[in-house]
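Chemist: Next up is a structure, given as structure tokens.
The values are calculated or read from the model by the stated rules, or taken from the named source; none is laboratory data. As the structure is a computational prediction, the values presented were derived from the model and not from experiment. Every residue, glycine as well, gets a Cβ built from its backbone with ideal geometry; the counts of neighbours run over all protein chains shown. The area values use the complete protein model at the heavy-atom level, side chains included, leaving out ligands, DNA and RNA. Shrake-Rupley method; radii C 1.70, N 1.55, O 1.52, S 1.80 Å.
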Amino acid sequence: MLNSLPDELFIGVALAVKDTASKADGSFDITYQVIVKNYGSIALTNVQLTDLLAKAFDGKSGVQSLKVGTPIASNLSKLVVNPNFDGVKDTELLVSLNSRLEAGRSDTLTYLVNVKTDGRQIPYLNWVYATAKAGEKVVTDMSTNGLIPDLNGNSDPTEETEAEGTPIVIPGGTRLFIPEGFSPNNDGINDVFVIENAGGQKVRLEIYNRWMTLVYKNDNYENDWDGTSNSGLQAGNKGQGLPAGTYFYVVKLENGNQHVRYMTITR
């Protein structure tokens with residue numbers, strides 16, 4: 001039948017922290033990057049991305065102020081951004097009636113969030129919810145952390161194991177700050193991995209990929225890592241550097257303190 005639809009129609013969405021920056025007024029800028037993809041064989045219409053920022057950054061958890069910039073869509077995108085999005089009263093990132101995603105296509109959306117907290121060091125988890133219409137069928141997905149909506153590559157991004165919040169820890173005072181990611185793309189902004197407030201201690205940095213292979217190591221780190229590898233198969237590949245994605249870091253301080261978390265490289 002000409003009007004029949006394929007059985008497998010999916011929309012997938014991933015959310016990553018692209019950039020972070022401390023401000024002179026004590027607030028913190030977070031640039032979120034959304035990747036949304038059509039995993040079906042027909043175009044998706046009425047595409048909507050929703051971010052409940054007021055829920056992610058709750059006043060009960062120490063947030064004193066929350067300001068949001070206008071979303072920005074990638075070049076040639078058929079997603080129409082909502083200029084009134086604020087994550088509180090208006091949680092829709094797109095004008096769904098005019099937003100479309102062609103079969104097999106992915107699109108990118110970025111938006112800036114400025115947060116001021118009372119200084120407590122806790123992870124704030126954020127999700128983006130995606131909905132669209134595939135013909136008469138409604139498809140939905142909850143974001144996973146990072147840049148790949150379908151982590152296991154089976155073309156079904158909606159599995160429960162692929163719905164994971166995107167964390168950010170807001171630095172406060174003079175405590176050690178290790179970024180959740182950086183963007184070594186030579187644009188002069190956030191091009192190196194900067195660890196702040198180490199108190200003059202010697203820092204040892206190790207970076208592992210998602211398969212736990214060591215890709216970078218420096219026993220006396222001086223905030224100069226630009227995303228290239230000095231260990232493993234890609235060591236010395238200065239021209240290209242490590243691919244975008246999620247990595248794990250181990251930061252060891254001279255006093256014996258150790259911090260192990262994950263971070264994102266965005267290019």
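Chemist: Just a yes or no: is a residue in region 163-185 more than 16 Å from the chain's Cα centre (by Cα) and farther than 23 Å from PHE28 by Cβ?
Modeler: Among the residues of region 163-185, not one is more than 16 Å from the chain's Cα centre (by Cα) and farther than 23 Å from PHE28 by Cβ, which makes the answer no.
Chemist: Taking the condition of being touching a strand residue (DSSP E or B) at 6+ places or on another chain (Cβ under 7 Å) and open to solvent by 50 Å² or more (accessible area, probe 1.4 Å), how many residues in region 154-174 meet it?
Modeler: Narrowing region 154-174 to residues touching a strand residue (DSSP E or B) at 6+ places or on another chain (Cβ under 7 Å): 157-158, 162-172.
If we keep only those that are open to solvent by 50 Å² or more (accessible area, probe 1.4 Å) as well, we get 158, 164.
Number satisfying all stated conditions: 2.
Chemist: Something else about it: When you go through (1) modelled with pLDDT of 85 or more; (2) open to solvent by less than 10 Å² (accessible area, probe 1.4 Å) one by one for LEU151, which number turns out not to apply?
Modeler: So LEU151 meets the others, but not (2).
Chemist: Quick check on my filter: what residues within region 92-102 are surrounded by 14 or more Cβ atoms within 10 Å (Cβ to Cβ), over 18 Å from LYS67 (Cβ atoms) and hydrophobic (A, V, I, L, M, F, W, C)?
Modeler: Passing the criteria: LEU94, VAL95, LEU101.
Chemist: I'd like to verify a number: residues in region 237-259 that are surrounded by fewer than 14 Cβ atoms within 10 Å (Cβ to Cβ), at pLDDT below 90 and closer than 21 Å to ASN190 by Cα, how many?
Modeler: Count: 4.
Chemist: Quick check, is VAL113 touching a residue at least 40 places away in the same chain (Cβ under 8 Å) and in contact with a Ser or Thr (Cβ under 7 Å, 6 or more places away or on another chain)?
Modeler: Against the criterion (touching a residue at least 40 places away in the same chain (Cβ under 8 Å) and in contact with a Ser or Thr (Cβ under 7 Å, 6 or more places away or on another chain)), VAL113 does not qualify.
Chemist: Has region 10-30 got at least one residue that is hydroxyl-bearing (Ser, Thr, Tyr), closer than 28 Å to SER155 by Cα and surrounded by 17 or more Cβ atoms within 10 Å (Cβ to Cβ)?
Modeler: no
Chemist: Could you tell me whether GLU222 is open to solvent by 70 Å² or more (accessible area, probe 1.4 Å), at pLDDT 90 or above and either out of contact with any Leu (no Cβ under 8 Å at 6 or more places or on another chain) or not polar (S, T, N, Q) (or both)? Steps first, answer last, please.
Modeler: Working: open to solvent by 70 Å² or more (accessible area, probe 1.4 Å): yes; at pLDDT 90 or above: yes; either out of contact with any Leu (no Cβ under 8 Å at 6 or more places or on another chain) or not polar (S, T, N, Q) (or both): yes.
Yes.
Chemist: With (1) over 29 Å from GLY119 (Cα atoms); (2) at pLDDT 95 or above as the list, and ILE207 as the residue in question, which single condition is left unmet?
Modeler: (1)
Chemist: Provide a single number: the residues in region 117-148 that are under 25 Å from SER65 (Cα atoms) and open to solvent by less than 10 Å² (accessible area, probe 1.4 Å).
Modeler: Result for region 117-148: 4.
Chemist: Name the residue, out of LYS60, LYS67, LYS89, LYS55, that is closer than 18 Å to LEU15 by Cβ, open to solvent by 80 Å² or more (accessible area, probe 1.4 Å) and out of contact with any Leu (no Cβ under 8 Å at 6 or more places or on another chain).
Modeler: Details: LYS60 fails: closer than 18 Å to LEU15 by Cβ; LYS67 fails: closer than 18 Å to LEU15 by Cβ; LYS89 fails: closer than 18 Å to LEU15 by Cβ.
Being closer than 18 Å to LEU15 by Cβ, open to solvent by 80 Å² or more (accessible area, probe 1.4 Å) and out of contact with any Leu (no Cβ under 8 Å at 6 or more places or on another chain) holds for just one of LYS60, LYS67, LYS89, LYS55, which is LYS55.
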